[in-house]
Amino acid sequence: DTGVSQNPRHKITKRGQNVTFRCDPISEHNRLYWYRQTLGQGPEFLTYFQNEAQLEKSRLLSDRFSAERPKGSFSTLEIQRTEQGDSAMYLCATDGSGGDGYTFGSGTRLTVV
Amino acid sequence: QKEVEQNSGPLSVPEGAIASLNCTYSDRVSQSFFWYRQYSGKSPELIMSIYSNGDKEDGRFTAQLNKASQYVSLLIRDSQPSDSATYLCAVRGTGANNLFFGTGTRLTVIP
């Protein structure tokens, strides 16, 4: 148990459908990050929250992607009108104010068919 | 130019040998450096962090940092088959909290 919980673990969806993923962080961690990882690549940064504020978004985060972190607790990442290129592992990570590296969740593997 | 560069490998070493993994980064003023291990189908797991020039040892792992050369390395002594994984180098950018990751080096330890 890594302490960061992600749901669902796997998601298969048809192209054009909307999907939503959830991340529950370690309770004392106020910083939360979303990354995307495709086969053979390292994780790519998508967006970052400090408490409930979304402080940074990558240019990879197109207007079909939206992320929220209401009340600074769990976070959701929604992808609208999914495309086959969205197939990837979506990773949530958190860290505290000490900043000594992330703790990753187990990830959500998305397959768009 | 990519922010963080790693040799993708694969790197194969015999059991008991030293595995050496290398990483270079482009942002000269980066201050925080991390090594993650990722088993196939799993999420990355933090194994080492290093912030100052020199060596940092933790068990069989040693991280080495040379900021002048913008170079970070990870040495794994007495390599075990259970060390077979992809090793990701990550760098915290200037004025940012997010980490930039390399593409990872796949290590295979041969029994």
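The values are calculated or read from the model by the stated rules, or taken from the named source; none is laboratory data. Just so it is clear, the model here is predicted, and its values are computed rather than measured. Positions of Cβ are generated from backbone atoms using ideal geometry, with glycine treated the same way; all protein chains shown enter the neighbour counts. Ligands, DNA and RNA are stripped out before the accessible areas are found, and what is left, the full protein with its side chains, is counted by its heavy atoms. Shrake-Rupley method; radii C 1.70, N 1.55, O 1.52, S 1.80 Å.
Mind checking the per residue accessible area of segment A:1-48 for me, 1.4 Å probe, whole number of Å²? Display every interim value, and only then the final one.
Working: 2640 Å² over 48 residues.
Ligands and nucleic acids excluded, the figure is 55 Å² per residue.
Tabulate in residue order the Karplus-calculated ³J(HN,Hα) for segment B:52-59, using 6.51 cos²θ - 1.76 cosθ + 1.60 with θ = phi - 60°, rounded to whole Hz; enter x for Gly and Pro.
Here the 3J(HN,Hα) series is 10, 4, x, 10, 9, 10, 8, x Hz.
At a probe radius of 1.4 Å, what is the per-residue accessible area of B:Cys89, in Å² to the nearest 10?
Roughly 0 Å² of B:Cys89 is accessible to a 1.4 Å probe.
Quick one: which residues, 5+ away or cross-chain, put their amide H under 5 Å from the amide H of B:Leu11? H built at 1.01 Å from N.
Correct list: B:Arg106, B:Leu107, B:Thr108.
Mind putting a number on the dipole of chain A about its Cα centre? Charges go on the C-beta only, +1 for Lys and Arg and -1 for Asp and Glu, and I need it in Debye to the nearest 20.
Values: 14 positive and 13 negative charges, 107 e Å.
Computed charge dipole of chain A: roughly 520 debye.
Can you pull the one-decimal nm distance between simple spin-label points at B:Ser32 and A:Asn18, each 7 Å off the Cα toward Cβ?
3.4 nm
Per the 1.4 Å probe, what fraction of the accessible area of the protein assembly as shown, in percent, lies on carbon and sulfur atoms? Walk me through the numbers on the way to the answer.
Details: 4920 of 10880 Å².
Within the protein assembly as shown, the accessible surface is 45 percent carbon and sulfur.
What is the antiparallel percent of DSSP beta bridges lying wholly in chain B, to the nearest 5?
On the way: 38 of 42 bridges.
Taking every DSSP beta bridge with both residues in chain B, the antiparallel ones total about 90 percent.
Under a plain spin-label model, where a point goes 7 Å from the Cα along Cα-to-Cβ, how far apart in nm are A:Val113 and B:Ile110?
A separation of 4.0 nm, rounded to one decimal place.
Interface size between chain B and chain A, please: total buried accessible area, 1.4 Å probe, rounded to the nearest 100 Å².
On the way: alone 5970 and 6390 Å², together 10880 Å².
Summing both sides, the interface buries roughly 1500 Å².
Which pairs break 28 Å Cα to Cα here: A:Lys71/B:Lys56; A:Lys57/B:Lys42; A:Lys14/A:Lys71; A:Lys71/B:Lys67; A:Lys57/B:Lys56? Intermediate values should be presented prior to the final figure.
On the way: A:Lys71/B:Lys56 38 Å; A:Lys57/B:Lys42 25 Å; A:Lys14/A:Lys71 32 Å; A:Lys71/B:Lys67 39 Å; A:Lys57/B:Lys56 33 Å.
Checking Cα-Cα distances, A:Lys71/B:Lys56; A:Lys14/A:Lys71; A:Lys71/B:Lys67; A:Lys57/B:Lys56 exceed 28 Å.
Stokes-Einstein diffusion coefficient for chain B at 10 °C in a medium of 1.306 mPa s, Rh from the Kirkwood formula over Cα pairs: what value in µm²/s? Numbers along the way, then the final one.
On the way: Rh = 13.9 Å.
Reported coefficient: 114 µm²/s.
Report relative contact order for chain B in percent, whole number only (criteria: Cα-Cα under 8 Å, sequence separation at least 6). Can you show the working numbers first?
Values: 280 pairs, mean separation 42.3, N = 111.
Relative contact order, chain B: 38 percent.
Give me the inter-chain shielding for B:92-99: mean count of other chain Cβ atoms within 10 Å, whole number please. Intermediate values should be presented prior to the final figure.
Values: counts 2, 1, 0, 0, 4, 9, 13, 10.
Mean inter-chain Cβ contacts per residue within 10 Å come to 5.
Would you check the accessible area of A:Lys11, probe 1.4 Å, heavy atoms only, in square angstrom rounded to 10?
Solvent-accessible area, nearest 10 Å²: 80 Å².
Skip the ligands, DNA and RNA, and give the accessible area per residue of chain B with a 1.4 Å probe, whole Å². Can you show the working numbers first?
On the way: 5210 Å² over 111 residues.
That works out to 47 Å² for each residue.
How much solvent-accessible surface does B:Arg77 expose, in Å² to the nearest 10, with a 1.4 Å probe and all protein chains in place?
70 Å²
Give me the percent of DSSP beta bridges within the protein assembly as shown that run antiparallel, rounded to the nearest 5. Show your work: numbers first, answer last.
On the way: 72 of 80 bridges.
Antiparallel: roughly 90 percent of the beta bridges in the protein assembly as shown.
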